[in-house]
1. Return yes or no: is residue B:12 in a loop (DSSP other than H, G, I, E, B) and closer than 19 Å to residue B:154 by Cβ?
2. Filter the range B:66-84 down to residues that are in contact (Cβ under 8 Å) with a residue 40 or more places away in the chain and within 12 Å of chain A (Cβ to nearest Cβ) and give me whichever is farthest from the chain's Cα centre (by Cα).
3. Can you find even one residue in the range B:143-156 that is modelled with pLDDT of 95 or more, more than 18 Å from residue A:10 (Cβ to Cβ) and part of a helix (DSSP H, G or I)?
4. In the set B:44, B:34, B:21, which member is closer than 16 Å to residue B:85 by Cα, modelled with pLDDT of 90 or more, facing another protein chain (nearest Cβ under 10 Å) and crowded, with 21+ Cβ neighbours inside 10 Å?
5. Given the structure, is residue B:171 more than 11 Å from chain A (Cβ to nearest Cβ) and under 19 Å from residue A:22 (Cα atoms)?
6. Quick one: how many residues across the range B:127-152 are under 18 Å from residue A:28 (Cα atoms), touching a residue at least 40 places away in the same chain (Cβ under 8 Å) and more than 12 Å from the chain's Cα centre (by Cα)?
7. Before we move on, is residue A:20 loosely packed, with under 12 Cβ neighbours inside 10 Å and either more than 9 Å from chain B (Cβ to nearest Cβ) or at pLDDT 75 or above (or both)?
8. Assigned to a loop (DSSP other than H, G, I, E, B) and either more than 10 Å from chain B (Cβ to nearest Cβ) or modelled with pLDDT of 85 or more (or both), is that true of residue A:57?
């Protein structure tokens, strides 16, 4: 038997089933903090060189 | 330089994608960013970053890019980058503390009431145990589903489901207590 809690859990789990009003409200409020920034590598980024620089004494 | 993540990498399994990125394929690294930036951002938010959360994400992926060849197992990428994220947010907050510079809160759209309510919800999630707060940030802020969270975080679907269920229960209780206290 499907209970109300199961339906709420199903919406929290995968947004299926009956939407839960409180969860929908939280989603709408918190969407403003969502990540939307594309990744930008510095122009001189080179993994091998960067690792070598980090290994130099005095480097963080 | 902006990193492209091409369609051809979209369907590749994680170990193969990590291996391609380790071999210097920048588009593969861009796809790793597309898949994991939301999880890393959630970890930053869950551990106290708000205005500087985007900077934390950039720094995490730059560190990952530089250190990818030190990753022993491609299967461990999710837990590896999560650990980098937790260390990075700690470093960034320590730097801000040392400089006595509180991070500016981002300007947000919407009414002042919504803004206050959103910040109260964010703070309420941060007061939850770590397993709950990171999972709830991924679900409620980044909009990931439970199965997507399990895949990104390298956790079993069952444990994510438990974290979501218990975390939501605790969050509802906290928000109700706060509402009653007004």
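The values are calculated or read from the model by the stated rules, or taken from the named source; none is laboratory data. Since this is a predicted model, take the numbers as computed values, not measurements. Neighbour counts are summed over all protein chains in view; Cβ atoms, including those assigned to glycine, are modelled from backbone coordinates with ideal geometry.
1. In short, yes.
2. Selected residue: B:69.
3. Looking for residues that are modelled with pLDDT of 95 or more, more than 18 Å from residue A:10 (Cβ to Cβ) and part of a helix (DSSP H, G or I), one finds none in the range B:143-156, hence no.
4. After applying the criteria, what remains is B:44.
5. no
6. Matching residues across the range B:127-152 total 0.
7. So residue A:20 fails the test.
8. The answer is yes for residue A:57.
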